[in-house]
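Below you will find the structure I want to go over with you.
The values are calculated or read from the model by the stated rules, or taken from the named source; none is laboratory data. Predicted model, so just to flag it, every value in this text is computed and none were measured. Neighbour counts run over all protein chains shown; Cβ positions are idealised from the backbone, glycine included. Surface accessibility is based on the protein's heavy atoms, side chains included, excluding ligands, DNA and RNA. Shrake-Rupley method; radii C 1.70, N 1.55, O 1.52, S 1.80 Å.
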Amino acid sequence: MSSPRSAVPTAAAVPSPSAPVTGGSASSSTAPTVAELMDFVRGAARDEALIASLPLDPEGRTWIRLDGPGGSEAWLIGWPPGTGTGWHDHADSFGAFTTAAGALKEHSLAVRLPTDGWKTLELTDGVDRSRELATGQGRAFGQNHVHEVLNESEVAHAVSVHAYYPPLPRIRRFSRTGAVLRLEQTERPEDWQ
């Protein structure tokens, strides 16, 4: 994600807020907890100068890389009206995100998918979840959390803050037709940095 514009990775069981996330830490001897990631994204979302520093593009998402707690990967992301991520997961990373301006909608699956070895899955009834995340609202998520995030506004940008630990090893992108979820591609950090 060296340029400030293009598709950005973004968030089934949620770990307890005090549960440490596995892996090493660049700035401390312990990995950040899910609660620490949530505290970080909430604090960054309240930083008016930080939010104002993000260049907004009317046609594509923009972002700035942030220093997250305990060696986590963090991003400030701008969402033009009508943009979204498409269905994806963050593989082995836990995370949290908060809406800093505007509103976002998250569609997610309340099911743990196999981590590897499949291309197409038929989802059962009752696994779909949706939530509106207005300014100041956010959520945490566990490993292999499959979701899509959207700015459904027709006129207003949205801005959000995201943190992941360990830093994103890969992102799997999916297509969805009805109850059928298909793995389309796997991205590695070199694909988006």
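What's the number of the condition residue 8 fails, among (1) open to solvent by 50 Å² or more (accessible area, probe 1.4 Å); (2) modelled with pLDDT under 95?
With (1) open to solvent by 50 Å² or more (accessible area, probe 1.4 Å); (2) modelled with pLDDT under 95 applied to residue 8, the lone miss is (1).
Also, I was wondering about something else. Tell me the residue from 85, 98, 62, 135 that is of a type in the set (Ser, Thr, Tyr) and open to solvent by 20 Å² or more (accessible area, probe 1.4 Å), please.
135
Rundown of residues vs (1) at positive phi; (2) in a strand (DSSP E or B), yes/no style:
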residue	(1), (2)
113	no, no
116	no, no
124	no, no
129	no, yes
132	no, yes
136	yes, no
143	no, no
167	no, no
184	no, yes
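Another question, if that's okay. Does residue 76 qualify as being surrounded by fewer than 21 Cβ atoms within 10 Å (Cβ to Cβ), under 17 Å from residue 138 (Cβ atoms), in contact with a helix residue (DSSP H, G or I) (Cβ under 8 Å, 6 or more places away or on another chain) and not small (Gly, Ala, Ser)?
Against the criterion (surrounded by fewer than 21 Cβ atoms within 10 Å (Cβ to Cβ), under 17 Å from residue 138 (Cβ atoms), in contact with a helix residue (DSSP H, G or I) (Cβ under 8 Å, 6 or more places away or on another chain) and not small (Gly, Ala, Ser)), residue 76 does not qualify.
In the range 147-182, which residues are under 11 Å from the mean Cα position of the chain (by Cα) and modelled with pLDDT under 95?
168, 171
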